[in-house]
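The values are calculated or read from the model by the stated rules, or taken from the named source; none is laboratory data. Being a predicted model, the structure only gives us computed values, none of them experimental. Note that we place each Cβ from the backbone using ideal geometry, even for glycine, and neighbour counts take in every protein chain shown. SASA here: full protein model, heavy atoms, side chains in, ligands and nucleic acids out. Shrake-Rupley method; radii C 1.70, N 1.55, O 1.52, S 1.80 Å.
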Amino acid sequence: MTAETEPRALPRTSDNMLLHDAGEGTSVRLTGITKDFGATRVLHGIDLDIAPGEFVSLLGPSGCGKTTLLRIIAGLESASDGAVSFGGADVSRTPTNHRDIGMVFQSYSLFPHLRVLDNVAFGLRRRRIAAKAAAKRAADALDLVGLGHLADRYPHQLSGGQQQRVALARALVTEPRVLLLDEPLSALDAKVRVQLRDEIRRIQLRLGITTIFVTHDQEEALAVSDRIAVLDAGRIEQIGAPEELYLRPESATVAAFIGLSSVVPGIAEGATVRIWDTSVPVLGEPAHGPVQVLLRPENVRLVGAADGGVPAVVQESTFLGSFRRTLVRTSDGSLVSVQHGPQERVSYDDVVHLAVSPVPAVVRPVP
């Protein structure tokens, strides 16, 4: 492993002031948050309760309002209506620098002329913390993110992942009540993104800081969150634990956005839907007549022709280590993703046969 991707053990001694003073986090409540830009409403009455020490992700496609909502929590934008509360106190009219938050942005936003240690200590100096105490706390924050040995370097001497860890240390050093993360990993390469994602979660659990994480990457949200709020067009479609959103989505929007789904035709018969001569339960409200069914790859399997499966033609097959994911086209033109064992090898243009498992599925009206 390189130094960039090597997992780091977090310091556990009480000498580290940040760990010694770790608290239980602060509750955050959003009540009826709306936001208008001119005649366009981008947030429609958002209500959200976040428990002390909870890690909540705001997940959704570009333009859904998640970053605007985070900026309202931070005080960088004013809501058109509604209230933001920290620990039961309304902070809607409180300036950003008095909300006691830490914030990490997509861009690193480090001062190029300051050493790493001085970048981290900058917020403490602005709070008139004595130089010696500020240096100690900044060093502790750098140790927490595994960069204590780079305290005397300048930002241009660091990799992207290291610069983002410095930005995280700077956000943590003031011991904020709430940590806000605005797509902090999107500018990093894949390996570093996963490593830093896991590191952020470990640090958050150790410090107990209430954390709100904005991302459009469902894998990131599923991996680190206690709960996820899925936003679409300025509204929360569903909020719940990662497992709940994946296994029991309340709408086709959530089912399509969380995880991978194929869309196939079906005939709804109330509480069940018939797909390829197999009836499966409908997840959610009963439906009737022609519908579109959202199928997870793990709920479709390859079977023999004698088993009565639906014929399909292989379009591509990808080896992913412990499993293989194969894309096939059925006679009605549907593209279906199938997850199966790596030993079941198929090639382009092979004819295979599919069956669906009797697992509840989400349906939506035919457009």
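Tell me whether the stretch 125-135 contains one or more residues that are closer than 21 Å to Ile200 by Cβ and modelled with pLDDT of 90 or more. No, the stretch 125-135 contains no residue that is closer than 21 Å to Ile200 by Cβ and modelled with pLDDT of 90 or more. Leu124 passes every criterion in (1) buried (at least 18 other Cβ atoms within 10 Å of the Cβ); (2) assigned to a helix (DSSP H, G or I); (3) under 27 Å from the mean Cα position of the chain (by Cα) apart from (3).
Residues are listed down the side, and each one gets a yes or a no for (1) under 30 Å from Arg364 (Cα atoms); (2) in contact (Cβ under 8 Å) with a residue 24 or more places away in the chain:
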residue	(1), (2)
Arg177	no, yes
Asp232	yes, yes
Leu247	yes, no
Glu250	yes, yes
Val254	yes, yes
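If you go through the stretch 328-351, how many residues are of a type in the set (A, V, I, L, M, F, W, C), under 21 Å from Asp277 (Cα atoms) and open to solvent by 20 Å² or more (accessible area, probe 1.4 Å)? Adding up the residues that qualify gives 2. Checked against (1) open to solvent by less than 60 Å² (accessible area, probe 1.4 Å); (2) touching a helix residue (DSSP H, G or I) at 6+ places or on another chain (Cβ under 8 Å), Ala167 meets all criteria but (2).
Taken together, Pro281, Pro311 contain a single residue that is in contact with a helix residue (DSSP H, G or I) (Cβ under 8 Å, 6 or more places away or on another chain) and touching a residue at least 40 places away in the same chain (Cβ under 8 Å), which is Pro311. Pick from the stretch 86-109 the residues that are buried (at least 20 other Cβ atoms within 10 Å of the Cβ) and either in contact with a Pro (Cβ under 6 Å, 6 or more places away or on another chain) or of a type in the set (Gly, Ala, Ser) (or both): which of them is nearest to Leu30 (Cα to Cα)? Here the residue is Ile101. Scan the stretch 38-63 for residues that are out of contact with any Ser or Thr (no Cβ under 7 Å at 6 or more places or on another chain) and surrounded by fewer than 21 Cβ atoms within 10 Å (Cβ to Cβ) and jot them down. Answer for the stretch 38-63, where residues must be out of contact with any Ser or Thr (no Cβ under 7 Å at 6 or more places or on another chain) and surrounded by fewer than 21 Cβ atoms within 10 Å (Cβ to Cβ): Gly38, Ala39, Thr40, Leu48, Asp49, Pro61, Ser62, Gly63.
Identify all residues within the stretch 196-224 that are under 18 Å from Thr253 (Cβ atoms), touching a Pro at 6+ places or on another chain (Cβ under 7 Å) and not hydrophobic (A, V, I, L, M, F, W, C); write none if there are none. If the condition is that a residue be under 18 Å from Thr253 (Cβ atoms), touching a Pro at 6+ places or on another chain (Cβ under 7 Å) and not hydrophobic (A, V, I, L, M, F, W, C), then His216 is the only one that fits. Would the stretch 352-362 turn up any residue that is free of Cβ contacts under 8 Å to residues at least 40 places away in the same chain and touching a strand residue (DSSP E or B) at 6+ places or on another chain (Cβ under 7 Å)? So far as the stretch 352-362 goes, no, none of its residues is free of Cβ contacts under 8 Å to residues at least 40 places away in the same chain and touching a strand residue (DSSP E or B) at 6+ places or on another chain (Cβ under 7 Å). Checking every residue in the stretch 292-304 against the condition of being acidic (Asp, Glu), within 17 Å of Val359 (Cβ to Cβ), touching a strand residue (DSSP E or B) at 6+ places or on another chain (Cβ under 6 Å) and open to solvent by 40 Å² or more (accessible area, probe 1.4 Å) gives at least one match. Scan the stretch 113-129 for residues that are in contact with a helix residue (DSSP H, G or I) (Cβ under 8 Å, 6 or more places away or on another chain) and under 14 Å from Gln162 (Cβ atoms) and the total you get is 4.
Within the stretch 147-164, the set of residues being in a loop (DSSP other than H, G, I, E, B) and either of a type in the set (Lys, Arg) or open to solvent by less than 30 Å² (accessible area, probe 1.4 Å) (or both) comprises Leu147, Ala151, Arg153, Leu158.
Within the stretch 64-85, the set of residues being closer than 14 Å to Met103 by Cβ and open to solvent by less than 40 Å² (accessible area, probe 1.4 Å) comprises Leu69, Leu70, Ile72, Ile73, Ala74, Gly75.
Of everything in the stretch 305-322 that is aliphatic (A, V, I, L, M) and open to solvent by less than 20 Å² (accessible area, probe 1.4 Å), the residue that is farthest from Val363 (Cα to Cα) is Val314. A residue that is of a type outside the set (Asp, Glu), part of a strand (DSSP E or B), over 22 Å from Ile258 (Cβ atoms) and under 19 Å from the mean Cα position of the chain (by Cα) occurs nowhere in the stretch 78-85.
The single condition among (1) part of a helix (DSSP H, G or I); (2) open to solvent by 30 Å² or more (accessible area, probe 1.4 Å); (3) touching a Gly at 6+ places or on another chain (Cβ under 7 Å) that Ala187 does not satisfy is (1).
Every test in (1) open to solvent by 20 Å² or more (accessible area, probe 1.4 Å); (2) of a type in the set (A, V, I, L, M); (3) over 15 Å from the mean Cα position of the chain (by Cα) is passed by Val194 save one, and that test is (3). Do we have Thr31 as surrounded by 14 or more Cβ atoms within 10 Å (Cβ to Cβ) and part of a helix (DSSP H, G or I) here? The answer is no for Thr31.
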